[in-house]
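Before any comments, here is the structure.
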Amino acid sequence: MSYDNQRIVHAIDAIENYLNNKLPETKLWEHSFIKKQIDRREHQETFTIEDHIRGMVYSMLSSGTKWDRVVDGIDDSTGKITPIDELFHNYDMEYILSSSSDFFTERIKEICGATQSTRKQMEALIKNNIPLLSKIESQYGSIDSCYKKYIAEDSTLKGLIEKLSSPESFLKMNQMGEALNAEYLRNVGYDIAKPDRHIRRILGSKVLGCSVWETVPIYEANKADFMSDVDGLTFKGTLTFENDTISVSITESERLYMPIETMKFEEKHATSWELANDYADTYNSTDNDSVNDSEYDYNSSDSYILSDSSSRELTIADISGLSHDQLELARNEIYARHGRKFTNPTLQNYFDSQAWYTGTIEPEDFTDDMLSDIEKSNIQFIKDHE
């Protein structure tokens with residue numbers, strides 16, 4: 001066992017011991033809703049469409065919910081959230097589809113506090129996700145029969161989560177990115193981890209050291225287009241980060257000594273090249289978005305970084321305390337409000353997970369004329385302080 005693995009084991013043991021000593025017996029993992037669903041799946045019990053709807057609702061409400069307001073409503077014997085189950089009539093599909101997103105949003109607000117994303121999540125649930133689950137069940141006999149096809153190809157469930165999260169996939173669940181889809185699958189008994197920002201930071205280079213990245217990329221796979229202009233000569237390509245390898249694919253080059261090919265490098269060397277930290281300096285994205293990754297939380301679907309950056313001029317007080325990555329997000333969310341899409345998959349995935357975002361304009365079709373003077377000023381202001 002390597003030193004890093006020992007650190008991981010010791011850290012997990014310490015966390016487990018702490019929780020065992022601090023939490024009442026009924027709140028431990030063995031009694032949790034997710035553990036009970038995993039046990040059900042291990043015993044090959046059938047998961048109905050109602051189970052899947054519950055799992056999706058619980059996942060949607062996992063971001064920004066004030067759980068201290070519903071803790072007394074959690075059934076210790078099942079782990080289920082009784083007031084939420086009652087609100088959705090135990091996830092009766094016909095009842096939910098005949099109700100309005102406004103109705104559920106207002107009731108959720110009373111029960112556990114709604115966020116900015118709740119209304120759009122409920123709208124997505126009613127208009128897209130439940131009808132899609134119903135269609136899958138009709139076509140495959142059960143939802144899990146469909147999912148098994150992708151699990152057979154990739155037992156880690158990464159492939160399935162990508163299908164549920166990708167806008168290009170027929171399985172795309174609206175208002176749900178990788179983290180929320182992982183949580184949804186956990187809620188129907190699939191034994192996987194939810195790759196939220198906190199877990200990815202713990203696994204990163206500054207804590208447990210499981211990756212060269214400070215915040216581990218979701219499932220260690222990322223891709224970004226780049227364009228570099230050096231001495232008036234341009235070359236374009238794609239950076240792909242997968243497991244422990246960086247692939248640099250040159251697709252277009254004006255430099256005779258820069259061939260159009262794919263080069264692969266071990267990710268462990270990235271730090272010595274300063275590649276991991278200098279994408280924005282070395283490779284200028286074709287968008288206004290940076291290629292730098294990692295800090296973006298796909299699960300934070302309920303808020304803006306700077307909520308009024310389109311309506312008033314920002315000040316130093318507004319951005320003080322924001323990290324470089326948060327400033328990048330704040331700058332790009334001004335474009336995102338107008339429906340601009342992004343060629344950088346990291347940014348696109350982030351904004352796809354935001355309830356308020358609807359990408360309708362291709363990057364090449366977007367012009368600064370679509371921005372107000374205040375927005376243009378704020379974009380430059382943020383750039384000056386990144």
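The values are calculated or read from the model by the stated rules, or taken from the named source; none is laboratory data. The shown structure was predicted, so the numbers you read here are calculated from the model rather than taken from an experiment. Cβ placement follows ideal geometry from the backbone for every residue including glycine, while neighbour counts extend to all protein chains displayed.
Candidates in region 341-385 are the residues that are over 15 Å from the mean Cα position of the chain (by Cα) and acidic (Asp, Glu); of these, the one that is nearest to residue 178 (Cα to Cα) is 362. Going residue by residue through region 65-86, is there one that turns out to be in contact (Cβ under 8 Å) with a residue 60 or more places away in the chain, in a helix (DSSP H, G or I) and within 21 Å of residue 180 (Cα to Cα)? Scanning region 65-86 turns up no residue that is in contact (Cβ under 8 Å) with a residue 60 or more places away in the chain, in a helix (DSSP H, G or I) and within 21 Å of residue 180 (Cα to Cα).
Beta carbons closer than 6 Å, at least 6 apart along the sequence or on distinct chains, pair a first residue in region 304-329 that is within 29 Å of residue 201 (Cα to Cα) with a second that is at pLDDT 85 or above and part of a loop (DSSP other than H, G, I, E, B) for 326/305; 329/305. Can you find a residue that is under 19 Å from residue 350 (Cβ atoms) and among the basic types (Lys, Arg) anywhere in region 126-139? No, the conditions are met nowhere in region 126-139.
Tell me, yes or no, whether region 102-110 has at least one residue that is outside any helix (DSSP H, G or I) and polar (S, T, N, Q). For region 102-110, residues outside any helix (DSSP H, G or I) and polar (S, T, N, Q): absent.
Once region 14-38 is narrowed to residues that are touching a residue at least 40 places away in the same chain (Cβ under 8 Å) and not β-branched (Val, Ile, Thr), the residue that is nearest to residue 109 (Cα to Cα) is 33.
Being surrounded by 15 or more Cβ atoms within 10 Å (Cβ to Cβ), aliphatic (A, V, I, L, M) and farther than 18 Å from residue 189 by Cβ is the filter here; which residues of region 75-101 pass it? Within region 75-101, 84, 87, 93, 96 meet the criteria.
In this structure, residue 116 does satisfy being surrounded by fewer than 17 Cβ atoms within 10 Å (Cβ to Cβ), among the polar types (S, T, N, Q), under 24 Å from the mean Cα position of the chain (by Cα) and under 18 Å from residue 60 (Cα atoms).
Residues that are basic (Lys, Arg) and over 21 Å from the mean Cα position of the chain (by Cα) occur in region 98-112; there is at least one.
For region 9-17, check the following and say yes or no: at least one residue is buried (at least 16 other Cβ atoms within 10 Å of the Cβ) and more than 25 Å from residue 177 (Cβ to Cβ).
Our first condition is that a residue be buried (at least 16 other Cβ atoms within 10 Å of the Cβ); within region 9-17, this holds for none.
Within region 9-17, none of the residues are buried (at least 16 other Cβ atoms within 10 Å of the Cβ) and more than 25 Å from residue 177 (Cβ to Cβ).
Kindly establish whether residue 134 is exposed (fewer than 13 other Cβ atoms within 10 Å of the Cβ), modelled with pLDDT of 90 or more, polar (S, T, N, Q) and over 20 Å from residue 42 (Cβ atoms). Show your work before the answer.
Numbers: exposed (fewer than 13 other Cβ atoms within 10 Å of the Cβ): no; modelled with pLDDT of 90 or more: yes; polar (S, T, N, Q): yes; over 20 Å from residue 42 (Cβ atoms): yes.
For residue 134, the condition - exposed (fewer than 13 other Cβ atoms within 10 Å of the Cβ), modelled with pLDDT of 90 or more, polar (S, T, N, Q) and over 20 Å from residue 42 (Cβ atoms) - is not met.
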